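For reference, the structure is listed below as structure tokens.
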Amino acid sequence: MKEPKERRVVITGLGVVSCIGNDVKTFWNNLVAGVCGIDVINEFPTDGYPVKIAGKIRNFNPEEYGMDRHFIRKQDPFAIYAMAAAWQAVNDSGIDAVGPEPNVDPFRFGVYMGSGVGGFDTIVREVGHLSEDLSGKWVSPLFIPNMIANMAAGNVAIKFGAKGSCLNIQSACATSSHCIGEAYRAIRHGYADAFIAGGTEKDAIPMGLSGFANARALSREQDPKHACMPFDAKRGGFVMADGSAALIVEEYEHAVARGAHIYAEIVGYGTTCDAYHATAPRPDGSTQAECIRQALEEASFDASKDELYINAHGTGTRMNDSAETQAIKMVLGDEAYRAHVSSTKSMHGHMLGATGAAEAIATVLALQEGIIPPTINLDDPDPECDLDYTPNRAVEAHVNIGISDSFGFGGHNACVAFRKAESR
């Protein structure tokens, strides 16, 4: 028996909710302009907290994204953000499983929408109710369905009639990169025709800030516009942010048949585990390097012909940035110095489980537009971080292949490779 032909996989829709924009156009324009969305927290008192800044969602109206008041009132914010990003991506793509003339088989249309934590607001609120009255009678009957991390994916599937595989991948900061990569594999090997893939998070709340701050992971810089400093010698930690991002991942022939716009092609995916430490990355970068190598090898990357952009994980923590730099050099050798690299977290902060999908969108648009978004706040580069990180200003570059790296607590690593649509 012949092996089934491996199918091509493309991106046909994008959606994002972030501190630098609640739609893709605003998000991208602010990235290119070097706009920082990190700001002082004003949603709750921060007196006594060592960290008083985050990337918070502003001017967000869920009703603008196809949600009614009944749904909004009942759901945790992480699920609402997911719905907004998915709604944008579906409308951008034009994919339709529920209309009078559907253009995708609902049983071959899935959702891989992950979250690193899930309904954090709900958890904290309902634990408070229980602590006030141990009988439990004041705990909401919606506690479980609003708290569990898979509910964002479930609600998105309900809304858009996606009756295929529906999973919440949960791998900390690598979550949504894994969602995109696993959707790519499922389509490539014939298990589905399209997915809504991405991630969502609402963690910049008192409990989240306290936990990460006490773990010494967060920047304690007081100036919010210069707090996230990837690859800079003065970097002191990452900045938490809320948000969601979603992409429509689709089989190439399926997309062409329905006349969809193709942003880019997914051509590679790597995934490894550090098997080293619960929170720290493997310092020598070897397991991260293997993840990148897998993605580039599957993408048939040729340094003599391809112009490469790397959207780095680039959190602004001392260990991550140096280990990631070593990993890139380990894979590319001297060619690492020719690659365009940037960390867009310097502008939108670290959205944890959502950040990989947001950065995938940045990578896809960098390929389409021929512009590399900058790493802002990079004024004094760490000598250990000596690559071209696109400091402070966007540059024009006709890159034709891009990778997005994501490395999470627990040692979870993911790398997704994209190729410019017309180059293949």
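State the number of residues belonging to segment 93-115 that are buried (at least 18 other Cβ atoms within 10 Å of the Cβ) and assigned to a helix (DSSP H, G or I).
Residues that pass the stated criteria total 2.
Can you name the number of the only condition in (1) more than 19 Å from T175 (Cα to Cα); (2) under 21 Å from the mean Cα position of the chain (by Cα); (3) among the hydrophobic types (A, V, I, L, M, F, W, C); (4) in a helix (DSSP H, G or I) that V341 fails?
For V341, the exception is condition (4).
Given the criterion in contact with a Phe, Trp or Tyr (Cβ under 6 Å, 6 or more places away or on another chain), part of a helix (DSSP H, G or I), in contact (Cβ under 8 Å) with a residue 60 or more places away in the chain and under 17 Å from A152 (Cβ atoms), identify the matching residue among A89, A84, A79. Full working, then the answer.
Numbers: A89 fails: in contact with a Phe, Trp or Tyr (Cβ under 6 Å, 6 or more places away or on another chain); A79 fails: in contact with a Phe, Trp or Tyr (Cβ under 6 Å, 6 or more places away or on another chain).
Exactly one residue qualifies, and that residue is A84.
Pull up segment 279-292, narrow it to residues that are open to solvent by 50 Å² or more (accessible area, probe 1.4 Å) and over 20 Å from the mean Cα position of the chain (by Cα), then point me to the one that is modelled with the highest pLDDT.
Restricting to residues being open to solvent by 50 Å² or more (accessible area, probe 1.4 Å) and over 20 Å from the mean Cα position of the chain (by Cα), the top hit is E290.
Going by the structure shown, is L134 more than 22 Å from T279 (Cβ to Cβ), assigned to a loop (DSSP other than H, G, I, E, B) and aliphatic (A, V, I, L, M)?
yes
How about segment 391-406: which of its residues are open to solvent by 20 Å² or more (accessible area, probe 1.4 Å) and of a type outside the set (D, E, K, R)?
If the condition is that a residue be open to solvent by 20 Å² or more (accessible area, probe 1.4 Å) and of a type outside the set (D, E, K, R), then P391, N392, A394, V395, H398, N400 are the ones that fit.
Among the residues of segment 23-35, write down those that are touching a residue at least 12 places away in the same chain (Cβ under 8 Å) and either of a type in the set (G, A, S) or open to solvent by 20 Å² or more (accessible area, probe 1.4 Å) (or both). Even if it seems obvious, please write down each step before you answer.
Start the filter on segment 23-35 by keeping residues that are touching a residue at least 12 places away in the same chain (Cβ under 8 Å), which leaves 23-24, 27-28, 30-35.
Once the filter is applied, which keeps residues that are touching a residue at least 12 places away in the same chain (Cβ under 8 Å) and either of a type in the set (G, A, S) or open to solvent by 20 Å² or more (accessible area, probe 1.4 Å) (or both), segment 23-35 yields D23, V24, W28, N30, V32, A33, G34, V35.
So if I check each of K52, K56, which one is open to solvent by 50 Å² or more (accessible area, probe 1.4 Å), of a type outside the set (S, T, Y) and in contact (Cβ under 8 Å) with a residue 40 or more places away in the chain?
Just a single option satisfies the conditions, and that option is K52.
Looking only at segment 243-278, how many residues end up being part of a loop (DSSP other than H, G, I, E, B), of a type in the set (G, A, S) and either open to solvent by 30 Å² or more (accessible area, probe 1.4 Å) or closer than 21 Å to E359 by Cα (or both)?
So the count comes out to 3.
In this structure, is I196 touching a Leu at 6+ places or on another chain (Cβ under 9 Å), at negative phi and among the β-branched types (V, I, T)?
yes
All but one of (1) within 19 Å of C415 (Cα to Cα); (2) among the charged types (D, E, K, R); (3) free of Cβ contacts under 8 Å to residues at least 12 places away in the same chain hold for E298, so report the exception by its number.
(3)
Identify, please: which residue in segment 116-167 is under 25 Å from D68 (Cα atoms) and basic (K, R) and is, among those, surrounded by the most Cβ atoms within 10 Å (Cβ to Cβ)?
Among those that are under 25 Å from D68 (Cα atoms) and basic (K, R), it is K159.
Look through segment 408-422, keep the residues that are touching a strand residue (DSSP E or B) at 6+ places or on another chain (Cβ under 8 Å) and open to solvent by 20 Å² or more (accessible area, probe 1.4 Å), and return whichever of them is nearest to A312 (Cα to Cα).
Only one residue tops the list, namely H412.
With respect to F71, determine if the residue is in contact with a strand residue (DSSP E or B) (Cβ under 8 Å, 6 or more places away or on another chain) and buried (at least 16 other Cβ atoms within 10 Å of the Cβ).
no
Could we say that S304 is part of a loop (DSSP other than H, G, I, E, B), of a type outside the set (D, E) and free of Cβ contacts under 8 Å to residues at least 24 places away in the same chain here?
So S304 fits the description; yes.
If I ask for residues that are part of a loop (DSSP other than H, G, I, E, B) and among the charged types (D, E, K, R), which ones from segment 11-67 would you list?
Once the filter is applied, which keeps residues that are part of a loop (DSSP other than H, G, I, E, B) and among the charged types (D, E, K, R), segment 11-67 yields D23, E43, D47, K52, K56, R58.
Go through segment 147-183 and give me each residue that's among the aliphatic types (A, V, I, L, M) and over 19 Å from G356 (Cβ atoms).
Residues satisfying the conditions are M147, I148, M151, A157, I158, A162.
Can you name every residue in segment 307-323 that is outside any loop (DSSP other than H, G, I, E, B), open to solvent by 30 Å² or more (accessible area, probe 1.4 Å) and not hydrophobic (A, V, I, L, M, F, W, C)?
Selection gives R318 alone.
From the list K225, K234, exactly one residue is outside any strand (DSSP E or B), in contact with a Cys (Cβ under 6 Å, 6 or more places away or on another chain) and surrounded by fewer than 19 Cβ atoms within 10 Å (Cβ to Cβ). Which is it? Show your work before the answer.
On the way: K234 fails: in contact with a Cys (Cβ under 6 Å, 6 or more places away or on another chain).
Only one candidate passes the filter, namely K225.
With segment 142-207 as the region, which helices (runs of 4 or more DSSP H) entirely inside it contain at least 2 residues that are within 19 Å of the chain's Cα centre (by Cα) and closer than 22 Å to I361 by Cα?
151-160, 175-188
Among (1) open to solvent by less than 20 Å² (accessible area, probe 1.4 Å); (2) without any contact (Cβ under 8 Å) to a residue 12 or more places away in the chain; (3) not small (G, A, S), there is one condition N61 misses while meeting the rest; what is its number?
(1)
The values are calculated or read from the model by the stated rules, or taken from the named source; none is laboratory data. Values in this document were obtained by computation on a predicted structure and should not be read as measured data. Cβ sites come from the backbone with ideal geometry, for glycine too, and all protein chains shown count toward neighbours. SASA here: full protein model, heavy atoms, side chains in, ligands and nucleic acids out. Shrake-Rupley method; radii C 1.70, N 1.55, O 1.52, S 1.80 Å.
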